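This report refers to the structure that appears directly beneath it.
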Amino acid sequence: MKKRILAAALACVLLAGCGVRTPAPAEETPEERPVIAYVPLDDRPDNVERVVYLAESVGYSLAMPEADLYRTRLDGQPTNENGTQYGDIAALYEWVLDQEAAGCDRYILSMDQLLSGGLVNSRHTAETLAVTLSDGTVMTDRELLGGLLTALAADENNRVWLLDSVMRLAPTVGYAGFGIEEYNALRAYGAAPRKEAAGAELTVEAIAADYRLGSGEALLRAADFGLTEEQADTYLSARRRKLELSDRMMEVVSGREYGNFRVLIGIDDSSAEECIQKNEIAYLRSRLRAGDALLSGVDDLAFKAVAKLYLEERGWSGGTAAVRYFGGSEKEPACAYDFQPLDDIMEEHLAFFALTRSGNYRAAGLQVLVLTQPQAAENSGTYYTQLIEALKECRERGWPTILIDAGNGAYGTAFHEALTEQVELGWLLSYAGFLDMAIVTGTALSHGVARYAHLEHGETSPGEEKAFAKTLADSILKDFCYKNVVREDLLAYIRNDLGASPDNFWNPDTDRETILRRLEQGMEAAARSVVKNLERSNCIVSLDRSAENGGLAGWGGVELSNYRFPWDRAFEIGMDIEVGDFTKPHKSVLGVYYQ
């Protein structure tokens, strides 16, 4: 049996006390922190850098394979070292086994990456995959799954999180020759209401057999959606393969030796309609064990796993949260890609993190403020102004707060500009609003609850504080500065001035250096006021307001560098963030309510 020296050290720290900030311990080196072996979904920032920041902010260190092993390449881009557009499945399998042989005992593993080479390739793979290991052994995807889980289950001290997904309604544009017309046709086909399976019909075989049947059991003809039979066959075969692998995973972990495994499944790009996913979701829900979960969102899966692993190891018993919506649309899906109303998604995530919703926001431990899409567009200014006033009250009273922008761009830049001018952005526990609305709830709560629990415990280190500051700054800067400002400029510049595609800088081949310079110039200007706000912000470093400086510390300097396009497209960016040491609290610079 492994000697879990690092785990024992963490347990001692986590159980040492609650609520009062103790003197910071000597800074641990990355080698001294408890290690999580992590295989990402792919190489986008939400699955790499921000997961690293979150893990380090609560005292972990991530061990990860080389980036080329889990990288996704779009059409026309240079292939990975394995000669494909997707991750190296054989090398990743061996990497995980190497971590186990070296004594690792915490794992967060993307099954889409390990069995399909990444999220995108999992949507395009219709046949069983077989790979050759370094010793010449040939293994199918099902054999890899079984071998991996069996190896990790052999050590009862291992704690393993398996991340999986319900396949979205259509594959990815610009990958494996797949275009926008095919995407639109297949998404419409997948979103069409299906026959509902129940009872004895709720099996993988029955679900797959009925993929082509509509809600009235009439055949959904591919031609009616602008598809060929071959296109429909490939799509449905990929769905079936994905569901069969998920089913096999659930079958394996149902054994008694897998009690230390957790399964977290995300619902990817869905629809409020009774779509092709509904029976898959119902079936997988029926297979969940105690401790497993199936939630909306995929790109936030690793955040949720890191946070929940930390909470479980800390012995988190839960807390109370007050959720307040502004905008009036919380009973509707936040965007066209959600399958549930925003408030339903919130409730499921609160339950996942053992948070009880409080009817009295003044008595809750956590505040969650959410800006929804405006119920009445003419009242948009009123909605976000009311939220900002509520946020100011939280700041004045010292109530730890999570902020979510679920407006889906409906407020333009006005809301973000008002926040930058009127509140201390760095005081928040967490913020989310970038990318798809389906992941904002999980992203914000993962970071916010992890930070709250870490503060509640009462002991932290300078390195953990810097990692927390990085993940908060990353989320705010990308949403406020890139998504609604710089990206809009880039989209127009690439299309109109360069005559190229913002969705893939290699197809057609484009002057990527020029685009990068445009990004750097745009971010330098757009980020200036937000960085200034962060540098003048105070941060909660203790929940005990009687502690030194009222439990507050001032942010240090914030430096941004190494801007990049991870997938050589304009949709998302990566950047390096350096944060200076925290200081004594800053004096009020934004309002009299600041301490």
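The values are calculated or read from the model by the stated rules, or taken from the named source; none is laboratory data. Just so it is clear, the model here is predicted, and its values are computed rather than measured. A quick note on method: Cβ atoms are made from the backbone with ideal geometry, for glycine too, and the neighbour counts reach across all protein chains shown. Quick note on the areas: whole protein, heavy atoms, side chains included, nothing else; ligands and nucleic acids left out. Shrake-Rupley method; radii C 1.70, N 1.55, O 1.52, S 1.80 Å.
For the chain, give me the percentage of DSSP beta bridges that are antiparallel, rounded to the nearest 5 percent.
The antiparallel proportion sits near 30 percent.
What is the extension gain from residue 154 to residue 562, computed as 0.36 nm multiplied by their sequence separation minus the C-alpha to C-alpha distance, in nm to one decimal?
142.7 nm
Place a label point 7 angstrom from the Cα of residue 289 along the Cα-to-Cβ direction, then list the residues of the range 139-176 whose backbone nitrogen is under 11 Å away.
Those under the cut-off are 153, 160.
Quick one: P(r) of the range 387-540 from all Cα-Cα pairs, 5 Å bins, percents rounded to integers, in order of increasing distance.
Here the calculated profile for the range 387-540 is 1, 8, 16, 19, 18, 14, 10, 7, 4, 2, 1.
If you wrap the range 316-400's Cα atoms in a convex hull and average its projection over all directions, what's the area in nm²?
The Cα convex hull of the range 316-400, projected and averaged over all directions, gives 6.1 nm².
So if I restrict to the alpha-carbon atoms in the chain, what is the Rg, and what is Dmax, the biggest pairwise distance, in Å?
23.6, 69
Could I have the simple spin-label model distance between residue 188 and residue 205, label points 7 Å from Cα toward Cβ, reported in nm to one decimal?
Here the answer is 3.5 nm between the modelled labels.
Set the bar at 30 Å for Cα to Cα. Now go through 304/478; 195/242; 483/584; 304/584; 278/478 and name every pair that lies beyond it.
Exceeds cut-off: 483/584; 304/584; 278/478.
So how do 175-181, 415-421 stack up, highest first, on mean other-Cβ count within 10 Å?
My ranking of the peptides, most packed first, is 415-421, 175-181.
Taking the Cα of residue 512, stepping 7 Å toward and past its beta carbon, and measuring to each backbone N in the range 490-505: which are under 12 Å?
504-505
For q = 0.28 Å⁻¹, what log10 I(q)/I(0) does the range 363-412 give under the Debye formula with an equal point scatterer on each alpha carbon and no solvent?
-1.04
For the range 59-102, what percent of Cα pairs sit more than 17 Å apart?
For the range 59-102, the share of Cα pairs beyond 17 Å comes to 39 percent.
Please sort 297-309, 465-477 by packing, taking for each peptide the average over its residues of neighbouring beta carbons within 10 angstrom, highest first.
297-309, 465-477
Taking the range 170-327 as the region of interest, what is the percent of Cα-Cα pairs per 10 angstrom bin, listed from the shortest bin to the one with the maximum distance?
Result, from short to long distances: 9, 31, 31, 20, 8, 1 percent.
So what is Rg over Rh here for the range 206-260, counting just Cα atoms and using Kirkwood for Rh?
My calculation puts Rg/Rh at 1.19.
Can you give the Rg to Rh ratio of the range 503-594, both from alpha-carbon atoms, with Rh computed by the Kirkwood formula?
My calculation puts Rg/Rh at 1.17.
If you stretched the chain out fully between residue 581 and residue 496, how much longer would it get, using 0.36 nm times the residue separation minus the C-alpha to C-alpha distance?
26.3 nm
Run the accessible area of the chain with a 1.4 Å probe and give the carbon-and-sulfur part as a rounded percent.
C and S atoms contribute 48 percent here.
Using only the Cα atoms, what convex hull volume per residue in Å³ does the range 118-207 have?
165
Roughly how far apart, in whole Å, are the Cα centres of the range 41-74 and the range 268-324?
20
Using only DSSP helix segments of four residues or longer, with each worth -39500 (n - 2.57), what per-residue ellipticity at 222 nm results for the chain after dividing by its residue count and rounding to 500?
So the calculated ellipticity at 222 nm is -12000 deg cm²/dmol.
Would any residue of the range 319-355 have its amide N under 17 Å from a label point 7 Å out along Cα→Cβ of residue 376? List them or say none.
Hits in the range 319-355 for residue 376 at 17 Å: 326-330.
Per residue, how much accessible area does the chain have with a 1.4 Å probe, in Å²?
Accessible area per residue: 38 Å².
Determine the distance separating the Cα centre of the range 557-577 from the Cα centre of the range 219-259; give it in Å without decimals.
35
On a 1.4 Å probe surface of the protein chains, which of 516, 342 comes out largest in accessible area, and what is the full order?
516, 342
Scan around residue 294 for amide H atoms under 5 Å from its own, H built in the peptide plane at 1.01 Å from N, and keep only partners 5 or more places away or cross-chain.
265
Under 5 Å between amide H atoms, partner at least 5 residues away or on a different chain: which partners does residue 544 have, H built in plane at 1.01 Å?
Result for residue 544 returns 21.
For labels at residue 324 and residue 421 in the simple 7 Å Cα→Cβ model, what's the distance in nm?
2.2
Given the options 199, 586, 65, identify the residue whose Cα lies farthest towards the positive end of the charge dipole of the chain (+1 on Cβ of Lys, Arg; -1 on Cβ of Asp, Glu).
Selected residue: 586.
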